[in-house]
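J.: The structure follows.
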Amino acid sequence: MTQIGAHTERVRQRTHEGFLRHHGFRYAQIATGLCVAAVGVYFVTAARLHEPPSGGSWLGYTLGTISAGLIVWLAFLGVRKRVITEGHYSLKAWVSAHVYLGLSLVVLATLHTGFQFGWNIHTLAYALMMLVIASGALGIWAYATLPQRLHANRGEITRRQMLDALERLDAQLRDVAQPLDRAGAAVVRLSVEDTELGGGFLRRLTNNHGDDANQRALKALRNLPPPAGERQAEALAKIEELLRQKADVLSLARRQMQITAMLEGWLFIHIPATFALLAALTAHIVSVFAYW
């Protein structure tokens, strides 16, 4: 293989490499080494003191300083996303470090506490940190699994094509409804005018459309009195077919919206919890030095 070909292959591999595997799990190794070192020093110190080091010990202050610095640095990911660079400080490298160093805080911050908890600002900061880490872990799962489910659900159909299909079906329903009486026309209007594709965030997340107007239209269609003539009978049969096709497209589109909501929903916890953590961390640090 020529040098140009080898270089091209390396670039291709880096391009398709996920943020979790970035540079052969470089940041996972760094985070693991940091945790192992912290645990080792903690238990060596505990053996010498014949008691667990507290947050007020030299080790507690050291681990607390490292943890606080990591938390502040991790919070800058949102700012970093707006800057495009390559190489060691690429966004992929930053996200990889964000994930693994963020997980290392479970060990570092817990050792910093000396396993001493209570109803105070210190424990609140710790609890908020764990909430941020847990929501971040949910985000990792979402980005690792949901894009594939999104593609599998959509197949070769784009979101725009789904919306176009719904518009075409509504237009066909209006055309076919021309020979119907008032009751039959009301069924078509129910589907065309009252069907809601998405709705609020919770509805999209749960994909709960129990009051779906299109399904109510299908049910109402079956309860209509017998058609007055052959033309109306053909129109009602065609309308039922169109309503069923619309139900299939709606199901596909709503499933797509549900997966998208799941992909984004964890941020509704992660980001507010991060700001709350920064506030609690500031109060924690101020109170520690105020009574030092």
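J.: Against the condition within 22 Å of Q178 (Cβ to Cβ), in contact with an Asp or Glu (Cβ under 6 Å, 6 or more places away or on another chain) and in the same structural domain as I269 (by TED's automatic domain parsing), how does A213 come out, does it pass?
T.: yes
J.: Given (1) surrounded by fewer than 19 Cβ atoms within 10 Å (Cβ to Cβ); (2) more than 19 Å from the chain's Cα centre (by Cα); (3) modelled with pLDDT under 90, identify the lone condition not met by A235.
T.: (1)
J.: I want to confirm something. Restricting to the range 146-173 and keeping residues that are more than 16 Å from L252 (Cβ to Cβ) and polar (S, T, N, Q), which single residue is surrounded by the most Cβ atoms within 10 Å (Cβ to Cβ)?
T.: Here the residue is Q172.
J.: Going residue by residue through the range 246-254, is there one that turns out to be surrounded by fewer than 18 Cβ atoms within 10 Å (Cβ to Cβ) and within 16 Å of the chain's Cα centre (by Cα)?
T.: For the range 246-254, residues surrounded by fewer than 18 Cβ atoms within 10 Å (Cβ to Cβ) and within 16 Å of the chain's Cα centre (by Cα): absent.
J.: Confirm whether L190 is touching a residue at least 24 places away in the same chain (Cβ under 8 Å), more than 30 Å from P272 (Cβ to Cβ) and part of a helix (DSSP H, G or I).
T.: Yes, satisfied.
J.: Quick one: is V72 in a helix (DSSP H, G or I), of a type in the set (A, V, I, L, M) and modelled with pLDDT of 85 or more?
T.: yes
J.: Can you name the residue in the range 132-161 that is small (G, A, S) and part of a helix (DSSP H, G or I) and, of all such residues, is farthest from L108 (Cα to Cα)?
T.: It comes out as A152.
J.: May I pose another question? Is it fair to say R80 is within 30 Å of E264 (Cβ to Cβ) and at pLDDT below 90?
T.: Against the criterion (within 30 Å of E264 (Cβ to Cβ) and at pLDDT below 90), R80 qualifies.
J.: Return the total of residues in the range 174-202 being under 30 Å from E264 (Cα atoms) and surrounded by fewer than 17 Cβ atoms within 10 Å (Cβ to Cβ).
T.: Of the residues in that region, 9 qualify.
J.: Report yes if some residue within the range 214-227 is surrounded by 14 or more Cβ atoms within 10 Å (Cβ to Cβ) and either of a type in the set (F, W, Y) or not in a helix (DSSP H, G or I) (or both); otherwise report no.
T.: Yes, that holds for at least one residue.
J.: Then there is this: Does the range 176-185 hold any residues that are in contact (Cβ under 8 Å) with a residue 12 or more places away in the chain, part of a helix (DSSP H, G or I) and either of a type outside the set (A, V, I, L, M) or in contact with a helix residue (DSSP H, G or I) (Cβ under 8 Å, 6 or more places away or on another chain) (or both), and which are they?
T.: V176, G184
J.: Of all residues in the range 89-131, how many are of a type in the set (S, T, Y) and not in a helix (DSSP H, G or I)?
T.: So the count comes out to 1.
The values are calculated or read from the model by the stated rules, or taken from the named source; none is laboratory data. Since this is a predicted model, take the numbers as computed values, not measurements. Positions of Cβ are generated from backbone atoms using ideal geometry, with glycine treated the same way; all protein chains shown enter the neighbour counts.
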